[in-house]
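First the structure, in the form of structure tokens, and then the observations on it.
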Amino acid sequence: MKHGASKTHFLQTQVPRQLLAFNILASLAYFLLLAFHFAIGNKYLFAMLLFGEVFHLWQVIGFTLTIWNTECNPKMKSTITDPVAVFITVAGEPVEIVRETAIAAKNMEYPNFDVYLLNDGYVAKKENWQAIEALAKELGIQCVTRKVPGGAKAGNINNGLRETTAPFMVVFDADHVPHKDFLEKTMGYFSDPKMAFVQSPQYYANNDASYVAGGAWEQQELFFGPICKGKNQNSSAFMCGTNMVVRRTAIEEAGGMCEFNIAEDFLTSLFIHEKGWKSVYVPEVLAEGLAPEDFLSYSKQQFRWARGSLEVIFRYNPLFRKGLTFMQKFQYLASASYYLSGVIVLLNALLPLIFFFTGAAPITTSTMALAAAFLPYIILTLYNLQLSSNFTYTFRSLSFSIGSFVIHIQAVLAVLFKQKSSFTVTSKTQLTGNFLYLVTPHLVYIALSLIGITYAITVHGFTPAVVTNAAWALLNCGMFIPFILAASPLKLTPNRETEVTA
């Protein structure tokens with residue numbers, strides 16, 4: 001893994017509160033006009049449209065309140081030197097990747113810590129599990145090879161806790177190489193006896209390795225920039241699986257790492273917070289890992305995150321959890337509900353197609369009136385996205401978010417029908433192949449849009465309604481293009497895409 005200077009511009013996140021307030025007002029104005037002013041067309045399509053706009057309004061309010069104050073960074077009161085167990089979770093990753101992480105962990109500047117390779121290769125039936133034991137012996141660090149399966153990564157961490165006694169643990173994924181000052185920049189927060197865990201960004205050092213890796217990182221910039229920073233104002237930062245330090249007593253009080261959810265970090269954070277513990281996000285790159293470099297690995301990662309997060313809503317809804325503050329409940333719902341957006345993307349995408357083939361529309365109004373209500377809302381929303389991410393939000397990241405609607409819908413169905421989903425480690429090497437089969441729905445949509453536009457023009461001519469719906473459908477098609485390209489076997493430039501500007 002090659003490591004250059006970390007990109008940190010995504011951590012500069014301040015937005016004028018006046019703009020944020022205007023964004024909420026513009027969103028409310030658009031919603032109210034849509035719901036109560038414009039004439040209703042087909043009542044069923046109107047219900048679909050209104051349902052989607054309720055969700056969009058919730059997203060705007062959730063994002064705006066989250067980033068209302070992104071400069072609330074708790075300060076370290078003093079340094080501490082308590083013993084730390086540094087866990088590197090391994091489940092079949094290449095030995096050389098584990099080696100680099102282990103050596104960097106050994107070289108961290110802190111007076112009292114031990115490094116452990118939590119080797120899950122045996123229970124995961126990986127051929128190199130013995131090579132990991134040999135690596136630990138070579139480097140003079142300890143290896144904990146689990147022989148009894150269960151709980152995937154969470155079970156591996158819990159086993160590591162049983163085998164150690166240090167009052168604090170650090171968790172690094174096998175590919176996340178810590179900086180020397182990782183412990184120096186995090187341990188001081190635990191001078192607060194109620195501090196449960198400290199999380200730092202999950203930075204992707206290989207963000208320029210492939211088109212997919214670039215898109216995956218651009219999505220992360222928004223999350224690990226303004227969103228995570230904003231959660232500090234309510235002590236709502238949650239664990240993100242790696243690059244984190246956790247107090248043993250806090251995680252033990254919460255029942256250990258959650259072994260019954262494939263996004264174990266998110267749900268465990270909720271259980272810790274409801275016990276009255278605090279958390280903090282450190283807005284500084286302190287470790288560097290690997291993004292998925294191929295579309296199949298990216299899709300699996302997105303499904304795992306979506307499935308695990310949605311279970312928080314459907315099975316452990318924060319609204320009904322005692323011990324959480326109101327804003328903590330709000331923050332957990334805001335983060336988890338993002339993965340419901342796939343359903344909304346599908347509903348919105350279907351509306352122009354239904355119009356092309358049936359002539360039915362949710363509302364009847366002039367194009368100019370609709371634009372006058374919609375444009376201030378969407379322009380302010382995009383502009384605030386840009387400001388909050390220090391203009392790192394790109395068209396590709398927007399495309400990856402919208403294009404993932406199929407993955408998110410699959411996750412919703414998996415949760416609702418209680419389908420079994422196993423935890424899979426994201427591949428640390430780029431898989432090759434043609435993954436266009438994963439974007440079949442997107443290709444079908446483009447084909448139906450082109451056929452539908454042709455049919456509508458033939459039947460109705462270039463009416464304002466036809467032009468408006470054609471523009472809507474073509475915009476959706478355009479949004480899908482980078483996502484489709486990421487799934488294709490084409491060799492695409494990994495460089496950053498042109499940024500979205502409002």
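General remarks:
- Under the Karplus curve 6.51 cos²θ - 1.76 cosθ + 1.60, θ = phi - 60°, whole-Hz ³J(HN,Hα) for the range 390-400, x wherever Gly or Pro sits: 6, 6, 9, 7, 10, 4, 5, 5, 5, 5, 5
- In the context of the full protein assembly, Asp192 retains an accessible surface of approximately 30 Å², using a probe radius of 1.4 Å and ignoring ligands and nucleic acids.
- Accessible area of Ile446 in the full protein assembly, 1.4 Å probe (Å², nearest 10): 30
- FRET efficiency for the pair Arg248 and Glu127, taken as 1/(1 + (r/R0)^6) with r the Cβ-Cβ distance and R0 = 25 Å, rounds to 0.15.
- With each label modelled as a point 7 angstrom along the Cα→C-beta vector, the Lys300-Asn434 pair spans 2.2 nm.
- Which of Thr89, Thr249, Thr79 is most accessible, then next, and so on - probe 1.4 Å: Thr79, Thr249, Thr89
- Exposed chymotrypsin sites (Phe, Trp or Tyr not before Pro) absent - longest run of the chain, DSSP non-H/G/I/E/B, at most 13 other C-beta within 10 Å: 1-259
- Accessible area per residue, Å², the chain with all protein chains present, probe 1.4 Å: 42
- Of Lys126/Lys185; Lys147/Lys300; Lys106/Lys194, pairs whose Cα-Cα distance is over 30 Å: Lys126/Lys185
- Segment Ser191..Ser488, full-extension length gain: 101.9 nm, with 0.36 nm per residue of separation and the alpha-carbon distance subtracted.
- Ellipticity estimate at 222 nm from DSSP helix runs (n ≥ 4, -39,500 (n - 2.57)) divided over the chain, nearest 500: -16000 deg cm²/dmol
- The chain: relative contact order in percent, alpha carbon pairs under 8 Å with at least 6 residues between: 21
- The alpha carbon gyration tensor of the range 73-206 gives principal lengths a ≥ b ≥ c with a/c of 1.5 or higher and a/b greater than b/c, which makes the shape prolate.
- Nearest-0.05 FRET efficiency for Trp68 and Val467, computed from C-beta distance (R0 35 Å): 0.35
- Here the spin labels are modelled as points 7 Å beyond Cα on the Cα-Cβ line, and at Ile451 and Thr367 they lie 2.5 nm apart.
- Value in Å of the Kirkwood radius, where the range 1-101 supplies the Cα pairs that are averaged: 19.3
- Extension gain, Ala21 back to Lys43 (0.36 nm per residue minus Cα-Cα distance, nm): 4.7 nm
- For the range 127-231, fraction of C-alpha pairs farther apart than 24 Å, in %: 43
- Restricting the range 37-97 to GluC sites (Glu not before Pro) in coil, as DSSP defines it, with at most 15 other Cβ within 10 Å: Glu71
- Rounded to 5, percent antiparallel among DSSP beta bridges of the chain: 35
- Partners of Lys229 within straight-line reach, counting aspartates and glutamates whose Cα lies under 17 Å from its Cα and excluding those fewer than 8 residues away in the same chain: Glu71, Glu218, Glu221, Glu284.
- Loop-resident trypsin sites (Lys or Arg not before Pro) (DSSP state other than H, G, I, E or B) in the range 315-394 with no more than 15 further Cβ atoms inside 10 Å of their Cβ: Arg315, Lys322.
- Degrees, to the nearest 10: 264-273 long Cα axis against longest axis of the chain: 80
- Extension reserve of the Met327-Arg162 stretch, reckoned as 0.36 nm per residue once the Cα distance is removed: 56.0 nm
- Modelled spin-label separation between His460 and Thr79, with each label point placed 7 Å from Cα along the Cα-to-Cβ direction: 6.9 nm.
The values are calculated or read from the model by the stated rules, or taken from the named source; none is laboratory data. No experiment lies behind these values; they were computed from the predicted model shown. Don't worry about glycine lacking a Cβ; one is built from the backbone with ideal geometry, like all the others, and counts go over all protein chains shown. Surface areas here come from the heavy atoms of the whole protein model, side chains and all, with no ligands, DNA or RNA. Shrake-Rupley method; radii C 1.70, N 1.55, O 1.52, S 1.80 Å.
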